[in-house]
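These notes are about the structure you will find just below.
The values are calculated or read from the model by the stated rules, or taken from the named source; none is laboratory data. For clarity, every value in this text was computed on a predicted model and none was experimentally measured. Here the Cβ positions follow ideal geometry from the backbone for every residue, glycine too, while neighbour counts run over all protein chains shown. Protein only, heavy atoms only, side chains kept; ligands, DNA and RNA dropped before computing areas. Shrake-Rupley method; radii C 1.70, N 1.55, O 1.52, S 1.80 Å.
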Amino acid sequence: MRPTAQIPSAGTGGIQDAAARAARHARESEQSRTLHPAVADALLLAGFARHFVPAEFGGTVGTFTEILDSVARVGEECTSAAWCAALQAAHGRLAAHLPGQGQADLWAEGPDTPVAAAVVPPAGELTTALGGYRLTGRWGFASGVDHAHWILLAAPEVGATGHHQRILAVPRADFSIHDTWHNSGLRGTGSHSVTVDDAFVPEHRTVLRDALAAGRTGEGVARCHRIPYTLVASLIFAAPALGAARGALRAWTALAADRVTAGGGRRLDDALAQQVLARSAAEVDAAHLLLRRAADRADQAPLDDLPVALNMRDASVAVEMLVGAVERLFRNGGTRAQADGEPLQRFWRDVHALAAHGALQLPPAAAAYGQFVAARGTTG
């Protein structure tokens, strides 16, 4: 781990460097099915891991608007890198819900400690032990785990007060990684499975999952840690899709500008191509406005009236719009767009894979929004 003094906060030139490295190594990350080491290092240097880390441990304690913009910028070059960047930041925010000693353990080497997670669905077997728990089991889809120093794992717990889910912070020495990530999209995320074999986890490195839904309370708790998980989960997952759609738009435009029609003219002079460009660009911009509004709510809405349903609605609809725009671009990209190595086909695969995530599905978001409207008598 580098000395933390060498690592700038997110929002500096480190974001541009991370985007440049992500672009340079996008194909290598895909082929190896995990982020290229230079990209993983660049994400740390850009400050993603520390973005939501508490100030007492050297973190930035940043905003959701900043993370939306930073993740999207990286996503313009490589959706997999953006996905890992978004989750790196999000997992730091989740870890901030651990008891103080657990946070001190996790960030003992500084706030730029990469943390992976597999918290949905819960898995494994948890038993109580003196001073903590013993944990055994297997968890899937731990994005970025190859480069993680810690992982947050959710396990079911049966206690005196009923059934719960407990999240446990496990150091790298106590879990094994299994090469299981062979998906069509987001190939470079390295979302492999992990196993833990009867590891001891102290009580202070655990927290009930319900605490994430409530957000932290108390004097001096930063705004970003007081936000319930449900308000920002879909926003965090949607941010890479915004970058991917922008990248797809740029890739399609480059292909179209270089293409000659059957009549000998330039493709971008063709009315159909102009309509594809105009509609897709407008939809990407509109999706950005929806996501930016969701980020503004997370950063500024009154804490006693947080509009979770509005954020869920806006993130899921924004992703549907982004997928539609990329789909249109790909279908009108010609045979060249389908070639291995062309960024457009990679962005197309990535946004479809991303949109399948449970946090971005419209039906539950629509149900929550419908209940919100019925209860409030207003559409927002």
For the structure I just gave you, tell me whether ALA244 is touching a Phe, Trp or Tyr at 6+ places or on another chain (Cβ under 7 Å), in a helix (DSSP H, G or I), touching a residue at least 12 places away in the same chain (Cβ under 8 Å) and surrounded by fewer than 24 Cβ atoms within 10 Å (Cβ to Cβ).
no
Name every residue in the stretch 343-377 that is at pLDDT below 95, open to solvent by 40 Å² or more (accessible area, probe 1.4 Å) and either of a type in the set (Phe, Trp, Tyr) or within 16 Å of THR253 (Cα to Cα) (or both), in order of residue number.
TYR369
Does ALA22 meet the test of being open to solvent by 20 Å² or more (accessible area, probe 1.4 Å), part of a helix (DSSP H, G or I) and hydrophobic (A, V, I, L, M, F, W, C)?
no
I'm trying to understand the selection: among the residues of the stretch 320-360, which are of a type outside the set (D, E, K, R) and free of Cβ contacts under 8 Å to residues at least 24 places away in the same chain?
THR335, GLN338, ALA339, GLN345, ALA356
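Per-residue answers, yes or no, for (1) within 17 Å of the chain's Cα centre (by Cα); (2) outside any loop (DSSP other than H, G, I, E, B):
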| site | (1), (2) |
| --- | --- |
| LEU98 | no, no |
| VAL120 | yes, no |
| LEU135 | no, yes |
| PRO156 | no, yes |
Any pair with Cβ under 8 angstrom, 6 or more apart, that starts in the stretch 124-148 at a residue that is free of Cβ contacts under 8 Å to residues at least 60 places away in the same chain and of a type in the set (A, V, I, L, M, F, W, C) and ends at one that is part of a strand (DSSP E or B) and open to solvent by 20 Å² or more (accessible area, probe 1.4 Å):
LEU126/ARG134; LEU126/PRO156; LEU126/GLU157; LEU126/ARG166; TRP139/THR195; ALA142/ILE177; VAL145/ILE177
Residues in the stretch 25-45 that are part of a helix (DSSP H, G or I) and either at pLDDT below 95 or closer than 22 Å to ARG349 by Cβ (or both): how many?
10
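Within the stretch 107-127, does at least one residue satisfy the condition of being of a type in the set (D, E, K, R), touching a strand residue (DSSP E or B) at 6+ places or on another chain (Cβ under 7 Å), at pLDDT 95 or above and open to solvent by 20 Å² or more (accessible area, probe 1.4 Å)?
Going through the stretch 107-127, the residues of a type in the set (D, E, K, R) turn out to be 109, 112, 125.
The next check asks that each one be touching a strand residue (DSSP E or B) at 6+ places or on another chain (Cβ under 7 Å); those that pass are 125.
Pick out the ones that are also at pLDDT 95 or above and you get 125.
With the extra rule that they be open to solvent by 20 Å² or more (accessible area, probe 1.4 Å), the set shrinks to 125.
Yes, the stretch 107-127 contains at least one residue that is of a type in the set (D, E, K, R), touching a strand residue (DSSP E or B) at 6+ places or on another chain (Cβ under 7 Å), at pLDDT 95 or above and open to solvent by 20 Å² or more (accessible area, probe 1.4 Å).
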Residue selected from the stretch 190-212 under the condition open to solvent by less than 30 Å² (accessible area, probe 1.4 Å) and outside any strand (DSSP E or B), by the criterion modelled with the lowest pLDDT
LEU212
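Here's the yes/no breakdown for (1) free of Cβ contacts under 8 Å to residues at least 40 places away in the same chain; (2) open to solvent by 30 Å² or more (accessible area, probe 1.4 Å); (3) in contact with a Cys (Cβ under 9 Å, 6 or more places away or on another chain):
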site: ALA271; (1), (2), (3): yes, yes, no
site: SER280; (1), (2), (3): no, no, no
site: ASP296; (1), (2), (3): no, yes, no
site: PRO307; (1), (2), (3): no, no, no
site: SER316; (1), (2), (3): no, no, no
